[in-house]
Amino acid sequence: MKENKVNGTERHGLLSGIAIIAALILIVCITGWISSRPAKDVLQGEAQATEYRVSGKVPGRVEKIYVREGDFVKKGDTLAMIESPEVRAKLAQAMAVKKAAEAQRNKAVKGARQEQIAAAYEMWQKALAGEDIMKKSFDRTGRLYEKKIVTAQKYDEVEAAYKAAKATTAAAKSQYDMAVNGAREEDKAAAIALVDQANGAVMEVEAYLSELYLTSPSDGMVSEIFPKCGELVGTGSPVMTVTDTDEMWFTFNIREDFLYDIKNGTTLKVGIPALGNGENNVRVTYMRPMASYATWRATKASGDFDARTFEVKMVPENKIEGLLPGMSALIIMEK
């Protein structure tokens, strides 16, 4: 009886050992199977957004910066002011030229002053009186010449004096008419054109003055500010960058042998480690091969090939809250 109990205990221990060994073998097999499975391919991309470089047309010194990096601004908000004494001096010059041109135009349009008209009239009347006297003298001399009382020389001298008096009267009459009528139409048109030219110069300088205040071209976030207050900036030099966070996308650089499930219009899911979110739907909108230097070169003489790298742009189907440019995005590819 005692022997049977011993044999039963030994069999029980043997079965337990076999079971433990079998369990270990099963665990090793499962582990080996899991480890031998091909790993899923993970594609990494980066979030990007439209960036606007804010710059001015006028060189000058940065007088004031109204925002800080990270601030959200609206389209048209004033971001900075540039001080340019040269532009303000140009405006003063243009205004002076405009005033001079307007004075010339008024003079040409209105004509001479009343005092000048009166003086011209008096000169005309004086010339008329002199002409009348010379005409009477010429008539008397003519009658005497017919009677052979005066010489031909005397007659010619009086005739020449009479003609000169008539010419003086005509010239005085022209001066009077000019004073009454003002400048010619051509002169008036030229004076008006000078005013228009001066107005254009003033408008041009005023346009440059408006460029001294730099405004935001879009809603977005101030992502970078380059100069500091007091520093000089040149024409077209960027002062700051505004990033439109409402217009964002992901860019992936993918080898062509990973493009088997990626086409224009394909919808995929991306994970964003920074947001802890892996269920964001994106749609492929753009694919193009990158330059030759981005080609993956085969290292084997046979059995492999050179693979081109493609730039793939994907746009979120819905706005992703908290997404910022530069954040990584992951796509897990299952073969």
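The values are calculated or read from the model by the stated rules, or taken from the named source; none is laboratory data. For clarity, every value in this text was computed on a predicted model and none was experimentally measured. Heads up, the Cβs are rebuilt from the backbone with ideal geometry, glycines too, and the neighbour counts pull from every protein chain shown. Heavy atoms of the whole protein, side chains included, go into the accessibility calculation; ligands, DNA and RNA do not. Shrake-Rupley method; radii C 1.70, N 1.55, O 1.52, S 1.80 Å.
Taking only pairs six or more apart or across chains, which ones have beta-carbon atoms under 7 Å, a first residue in the stretch 116-137 that is without any contact (Cβ under 8 Å) to a residue 40 or more places away in the chain and part of a helix (DSSP H, G or I), and a second residue that is among the β-branched types (V, I, T) and open to solvent by 60 Å² or more (accessible area, probe 1.4 Å)?
Between residues of the stretch 116-137 that are without any contact (Cβ under 8 Å) to a residue 40 or more places away in the chain and part of a helix (DSSP H, G or I) and residues that are among the β-branched types (V, I, T) and open to solvent by 60 Å² or more (accessible area, probe 1.4 Å), the close pairs are G130/T168.
Just checking, how many residues over the stretch 139-176 are among the hydrophobic types (A, V, I, L, M, F, W, C) and buried (at least 17 other Cβ atoms within 10 Å of the Cβ)? Spell out how you get there, then give the answer.
Restricting attention to the stretch 139-176, the residues satisfying the condition of being among the hydrophobic types (A, V, I, L, M, F, W, C) are 144, 149-150, 152, 158, 160-161, 164-165, 167, 170-172.
If we keep only those that are buried (at least 17 other Cβ atoms within 10 Å of the Cβ) too, we end up with 150, 158, 165, 172.
Count: 4.
Given the criteria touching a strand residue (DSSP E or B) at 6+ places or on another chain (Cβ under 9 Å), modelled with pLDDT of 85 or more and surrounded by 15 or more Cβ atoms within 10 Å (Cβ to Cβ), does L214 qualify?
Values: touching a strand residue (DSSP E or B) at 6+ places or on another chain (Cβ under 9 Å): yes; modelled with pLDDT of 85 or more: yes; surrounded by 15 or more Cβ atoms within 10 Å (Cβ to Cβ): yes.
Yes; evaluated as a whole, the condition is true for this residue.
What number of residues within the stretch 224-245 satisfy the criterion of being of a type in the set (S, T, N, Q) and at pLDDT 90 or above?
Quick first cut of the stretch 224-245, residues of a type in the set (S, T, N, Q) only: 235, 237, 241, 243, 245.
Next cut, at pLDDT 90 or above only: 241, 243.
Total meeting the criteria: 2.
On the given criteria, is N280 surrounded by 13 or more Cβ atoms within 10 Å (Cβ to Cβ), within 22 Å of M314 (Cα to Cα), in contact (Cβ under 8 Å) with a residue 60 or more places away in the chain and of a type in the set (S, T, N, Q)? Steps first, please.
On the way: surrounded by 13 or more Cβ atoms within 10 Å (Cβ to Cβ): yes; within 22 Å of M314 (Cα to Cα): yes; in contact (Cβ under 8 Å) with a residue 60 or more places away in the chain: no; of a type in the set (S, T, N, Q): yes.
Judged against the criteria, N280 is not a match.
Which one of the conditions (1) loosely packed, with under 13 Cβ neighbours inside 10 Å; (2) at pLDDT 80 or above does M221 fail to meet, given that it meets all the rest?
Status for M221: all satisfied but (1).
Output the residues belonging to the stretch 61-103 that are among the small types (G, A, S), under 13 Å from V205 (Cα atoms) and surrounded by 13 or more Cβ atoms within 10 Å (Cβ to Cβ).
Those that are among the small types (G, A, S), under 13 Å from V205 (Cα atoms) and surrounded by 13 or more Cβ atoms within 10 Å (Cβ to Cβ): S84, A94.
Of a type in the set (V, I, T), loosely packed, with under 15 Cβ neighbours inside 10 Å and either touching a Phe, Trp or Tyr at 6+ places or on another chain (Cβ under 6 Å) or at pLDDT below 75 (or both): is that true of V195 in this structure? Break it down into steps so the answer makes sense when it comes.
Working: of a type in the set (V, I, T): yes; loosely packed, with under 15 Cβ neighbours inside 10 Å: no; either touching a Phe, Trp or Tyr at 6+ places or on another chain (Cβ under 6 Å) or at pLDDT below 75 (or both): yes.
Answer is no for this residue.
Go through the stretch 253-267 and give me each residue that's assigned to a strand (DSSP E or B) and touching a Lys or Arg at 6+ places or on another chain (Cβ under 8 Å). It would help to see each step written out before you state the result.
Narrowing the stretch 253-267 to residues assigned to a strand (DSSP E or B): 253-255, 267.
The answer is R255, T267.
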